[in-house]
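Report on one structure; see the data block that follows.
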Amino acid sequence: MNDQRTPLLSVRDLKTYFFQDEGTVKAVDGASFDVARGQTLGIVGESGCGKSVTARSILRIVEAPGRIVGGQILWYDAKGQPTDLTQLDPDGHQMRSLRGREIGLIFQEPMTSFSPVHTVGNQIIEAIRLHMGVSKAEARRRAIEALRQVGIPQPERRIDDYAFQLSGGLRQRAMIAVALSCDPRLLIADEPTTALDVTTQAQILDLLRELQQQRGMAIMLITHNLGVVAEMCDDVVVMYLGRVVEVGSVDAIFHQAKHPYTRALLRSIPAITTPPRVKLHTITGSIPHPYNRPSGCPFHPRCPERLRGLCEVAEPALRAVGNGQSVSCFLYENRA
Amino acid sequence: MLAYILRRLILALITVIAISILSFVIIQLPPGDFITSYIASMSAGGGTVSEAEVEALREQYGLDQPITVQYLKWVSQIVQGNFGMALEWNRPVKDVIGDRLTLTVIISLAAVIFTWAVALPIGIYSAVKRYSIGDYIFTFIGFIGLAIPGFMLALIVLYVGFRYFNANVGGLFSPEYAEAPWSWAKFQDLLAHLPIPAVVLGLSGTAQMIRIMRSNLLDELRKPYVMTARARGLTEMRVILKYPVRVAMNPFISTIGYLLPYIVSGSIIVSLVLSLPTVGPLLLKALIAQDMFLAGTIILLLGVMTVIGTFISDLLLMWVDPRIRLERR
Ligand SMILES: Nc1ncnc2c1ncn2[C@@H]1O[C@H](COP(=O)(O)OP(=O)(O)OP(=O)(O)O)[C@@H](O)[C@H]1O
Ligand SMILES: [Mg+2]
């Protein structure tokens, strides 16, 4: 039914900066990646590398003093026609009819993601009425159905609960119900399981996968947890300091990682075969302060394989290296 | 929930008793018992008090009995609506306070409505458009409002009214209605006089409230639920008014109880300048004249009204904030 040749979403050289008195934070500085229809894209990277800001940029809800200063966010409709979201008025009708309708969002903190003074039902019904133009009674019926679909027991009673009355797992399920109430084509999940215990975490991930299969929606999954990526994702984007350093299929990233940063990231996770009490690998150095980003390749100060005289002066571009994998690193450029 | 209300009610009752003891102490404060002062002030005014009348009063208030009995007798008089005599006025305290208390409540309400009507929108604007030119302008005006004493503003208003409009803008009534019994026309006259005192009394509170609303709302705007509301596709206006503003308003509801004493004590000088018939100046006069029945009664009534106000704001808060309603069972 859908045009499979175009992606669902294509982010091209996105730049989102925060203009503060102390200086400009280049939270996202030239990120490019695609989200394929019906597939799951993982976005990984250290804290502060701009994952959440990228997500907010796509929804056009970056808060002041932040602003998209460059690039394109191409949203392809069912017919494959692109719209550049960066050109839309964030509060305008067109952008708002995408938000919540075509693109759903869930957050790490399900407690604070709900209003403390409105019922869960109020917030789901609001979204359904806004986008589906149905009566109050019908919206309520659909909201109960949405809660049922995410596995909340007794949804006709839970719908009138407040978020603080639900357990952490149920809260995140309710959050998913809100995000999916209008059957979006893309779900952006920003660390959806970080605040949950391991068992609940697995249940929520299973639920997401199940719902994805039923509805054929795409998921953009932001996470720190490479285990989650391995389990859930089709493709992976690795970000570092606001840039995409490597993109590839899960297999390619886990088995043939090219970028030194990706490889370091992979080494830092414990494997089941790692003997106990052995010091885990850490990436040397720390993330540079956002105000003084390194020149050249942003990773060069921490890179064990940097090429002197090149990496600190020039910025490598993202280049295809076959198999749908791309990497931005001079090690893989044919230098004269 | 019921237990919560009950607990609040008991607390309110205890507070009222404490206030009544305090008022009683205040009445007892001047040297000699108040019958003596009553006789003294009567004879100073050229009147006389018969021996029988004095005896009746001593009996009524149990002045030759222990202090606890005196307190209980006094309380039982109060409960029956007998607040004693206002010495200086030589009239029952009830008559002296009467309308003034009602008018005080009306003026306070008007001042509060003015404050909220002005401060809430400006506070919201300042938070949403933080560091904009508008925010700076409002902040500047707000600080000026905070810095100018109310009586000064009252004087300026009086002067401007007199000089340029040749009108006496003081008072709450036109002369022809001041002593007239209540009627529809008198009520309309009151409404016409209300805006100036309401603005003068409300202005400093307005500046303060803009600051509080601004910072409350800034805190709320940062919370994830605002972002998820935006992500649902609501208009920005709707997002802000329905969610963070609603939460940021809650703290104000809990202040309703303190508004009355705040305005009464803060307004004495303004009321004098604008010659407003409120209880503030009355309290001041009563204290200067050591008219202890009057002073004690005013303090008692203000205290009780504060307790009632606090109780009402507790109920309101419980109604608007489910966290209180549902968590403190
Ligand atoms: N409102 C803001 N004002 C100023 N700077 C901001 C703001 N929001 C984010 N940033 C900056 O943008 C950069 C990227 O932040 P972002 O939240 O996208 O990181 P992240 O990759 O999601 O990290 P985490 O894994 O910790 O969630 C950070 O340096 C952060 O300080
Ligand atoms: Mg984040």
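It is to be established whether one or more residues within segment A:100-109 are closer than 26 Å to A:LEU221 by Cα, more than 8 Å from chain B (Cβ to nearest Cβ) and touching a Cys at 6+ places or on another chain (Cβ under 7 Å). Looking through segment A:100-109, none of the residues is closer than 26 Å to A:LEU221 by Cα, more than 8 Å from chain B (Cβ to nearest Cβ) and touching a Cys at 6+ places or on another chain (Cβ under 7 Å). Set side by side, the residues B:SER275, B:SER313 differ, and just one is touching a Gly at 6+ places or on another chain (Cβ under 7 Å), away from every other protein chain (no Cβ under 14 Å) and either in a loop (DSSP other than H, G, I, E, B) or of a type in the set (Lys, Arg) (or both), which is B:SER275. Picking from residues in segment A:169-188 that are more than 18 Å from A:GLU126 (Cα to Cα) and within 15 Å of the chain's Cα centre (by Cα), the one that is farthest from ligand 1 (Cβ to nearest atom) is A:ARG185.
Going by what's in this entry, would B:ILE324 be described as β-branched (Val, Ile, Thr), within 14 Å of chain A (Cβ to nearest Cβ) and either open to solvent by less than 40 Å² (accessible area, probe 1.4 Å) or part of a helix (DSSP H, G or I) (or both)? For B:ILE324, the condition - β-branched (Val, Ile, Thr), within 14 Å of chain A (Cβ to nearest Cβ) and either open to solvent by less than 40 Å² (accessible area, probe 1.4 Å) or part of a helix (DSSP H, G or I) (or both) - is met.
So in segment A:113-138, with the set limited to residues that are farther than 14 Å from B:ALA231 by Cβ and at the interface with chain B (Cβ under 10 Å from one of its Cβ atoms), which one is surrounded by the most Cβ atoms within 10 Å (Cβ to Cβ)? Explain how you work it out, then say what you get.
In the first step, residues of segment A:113-138 are kept if they are farther than 14 Å from B:ALA231 by Cβ; the result is A:116-122, A:125, A:128-129, A:132-138.
Subsequent filtering for residues that are at the interface with chain B (Cβ under 10 Å from one of its Cβ atoms) retains A:116-119, A:122, A:128.
Working: A:PRO116: 19, A:VAL117: 18, A:HIS118: 19, A:THR119: 18, A:ASN122: 16, A:ILE128: 24.
Ranking the qualifying residues of segment A:113-138, first place goes to A:ILE128.
Residues of segment A:66-84 that are open to solvent by 60 Å² or more (accessible area, probe 1.4 Å) and either over 25 Å from A:ARG37 (Cβ atoms) or within 15 Å of ligand 1 (Cβ to nearest atom) (or both): A:ARG67, A:VAL69.
Name, by its number, the condition in (1) charged (D, E, K, R); (2) at pLDDT below 90; (3) away from ligand 1 (no atom under 16 Å from the Cβ) that does not hold for A:GLU191. Unmet condition: (3).
The strands (runs of 3 or more DSSP E) falling completely within segment A:1-77 that include 2 or more residues that are within 16 Å of ligand 2 (Cβ to nearest atom) and of a type in the set (Gly, Ala, Ser) map to A:23-35. In the set (1) over 30 Å from A:SER295 (Cβ atoms); (2) open to solvent by 20 Å² or more (accessible area, probe 1.4 Å); (3) within 16 Å of ligand 2 (Cβ to nearest atom), the condition left unmet by A:ASP197 is number (3).
Does A:LEU88 qualify as being among the hydrophobic types (A, V, I, L, M, F, W, C) and surrounded by fewer than 18 Cβ atoms within 10 Å (Cβ to Cβ)? Spell out the reasoning first.
Working: among the hydrophobic types (A, V, I, L, M, F, W, C): yes; surrounded by fewer than 18 Cβ atoms within 10 Å (Cβ to Cβ): yes.
So A:LEU88 fits the description; yes.
Residue check: B:GLY202 meets all listed conditions (1) under 23 Å from B:ARG100 (Cβ atoms); (2) open to solvent by less than 30 Å² (accessible area, probe 1.4 Å); (3) touching a Lys or Arg at 6+ places or on another chain (Cβ under 8 Å) but one, namely (3).
The values are calculated or read from the model by the stated rules, or taken from the named source; none is laboratory data. Please read these numbers as outputs of a predicted model, since none were measured by experiment. Every residue, glycine as well, gets a Cβ built from its backbone with ideal geometry; the counts of neighbours run over all protein chains shown. With ligands, DNA and RNA removed, areas are computed over all heavy atoms of the protein, side chains included. Shrake-Rupley method; radii C 1.70, N 1.55, O 1.52, S 1.80 Å.
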